[in-house]
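Let me begin by presenting the structure, written as structure tokens, before commenting on it.
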Amino acid sequence: MAKIVVVTSGKGGVGKTTTSASFATGLAQRGHKTVVIDFDVGLRNLDLIMGCERRVVYDLVNVINNEARLQQALIKDRDIDNLYILPASQTRDKDALSDEGVGRVIDELAQEFDYIICDSPAGIERGAILAMYHADEALIVTNPEISSVRDSDRIIGMLDSKTKKVERNEGRIRKHLVITRFDPNRAQREEMLSIEDIADDILKIPTLGVIPECPSVLNASNQGVPVIRENDSKASEAYDDLVARFLGEERPYRHIQPQKQGWLARLFGG
């Protein structure tokens with residue numbers, strides 16, 4: 001049976017789609033047949049990060065409206081056999097998503113895939129609610145700043161009250177924290193929240209991954225490649241560790257300790 005994972009956030013611009021792309025890619029690289037769905041109707045960025053924007057013919061809304069079959073809308077990744085993308089519509093608004101239509105698409109995908117990754121819009125509007133409704137687990141993406149963490153706390157409340165599992169009295173979905181754009185030196189100087197501030201004191205959910213501030217994230221996005229495939233970068237290593245932990249493997253956390261500065265950097269305040 002397929003496992004459905006929603007990747008969500010309270011605030012936009014925190015790296016949620018980047019996380020969805022790398023998470024789905026990492027699962028597929030490990031042999032799991034994986035599909036990632038873009039629920040951000042009207043914007044549609046997942047196809048850009050996955051490098052398949054020119055191959056979009058049909059989208060999620062076309063399938064919901066019976067204007068195309070699901071197999072016509074699914075895009076197979078060029079390099080990874082087990083990875084597929086279901087893009088969002090760029091010309092419709094979020095009201096084009098219906099409860100029944102989304103449920104039908106999820107049920108059909110569940111017959112074929114091991115993992116269904118739902119790349120949610122930020123916040124609590126309709127697309128976000130539909131993306132989380134069918135989920136078994138959730139990745140909550142936040143930056144180490146108070147406004148982002150506060151909005152993530154609200155998303156946790158939605159995940160604890162607005163899912164199918166809760167409605168059916170089957171318990172709450174499992175939640176994982178993903179902290180992005182983390183800089184341990186700035187955290188040490190108290191210029192941003194620490195991992196402990198976010199995970200233990202405020203949100204109180206287990207941390208699955210800490211993604212460091214890293215230029216490879218922007219470089220990969222501009223090239224249309226999930227950053228997990230950028231070899232030897234700090235961000236790719238952190239996302240690889242995240243996927244491994246999700247699948248039950250023990251991995252130490254890398255790139256979360258402050259780096260000692262040389263005497264020249266200290267002299268000039270670097």
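The values are calculated or read from the model by the stated rules, or taken from the named source; none is laboratory data. Fair warning: this is a prediction, and the values are worked out from it, not measured in the lab. Reconstructed Cβ throughout: ideal geometry from the backbone, glycine too, with neighbour counts over all protein chains shown. Areas reflect the complete protein model, heavy atoms only, side chains present, ligands, DNA and RNA absent. Shrake-Rupley method; radii C 1.70, N 1.55, O 1.52, S 1.80 Å.
Computed values, structure above
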| read-out | value |
| --- | --- |
| Test: residue in the stretch 30-50 that is in a helix (DSSP H, G or I), within 16 Å of Leu130 (Cα to Cα) and open to solvent by less than 20 Å² (accessible area, probe 1.4 Å) | no |
| Whichever residue in the stretch 178-226 is open to solvent by 100 Å² or more (accessible area, probe 1.4 Å) and not in a helix (DSSP H, G or I) and, among such residues, is nearest to Met50 (Cα to Cα) | Arg181 |
| Members of the stretch 155-177 found to be exposed (fewer than 15 other Cβ atoms within 10 Å of the Cβ) and under 16 Å from Thr19 (Cβ atoms), listed by number | none |
| Residue list for the stretch 83-116, restricted to those being under 22 Å from Ser161 (Cβ atoms) and aliphatic (A, V, I, L, M) | Leu97, Val102, Ile106, Ile116 |
| Strands (runs of 3 or more DSSP E) wholly inside the stretch 61-154 containing at least 1 residues that are surrounded by fewer than 18 Cβ atoms within 10 Å (Cβ to Cβ) and under 19 Å from the mean Cα position of the chain (by Cα) | 137-142 |
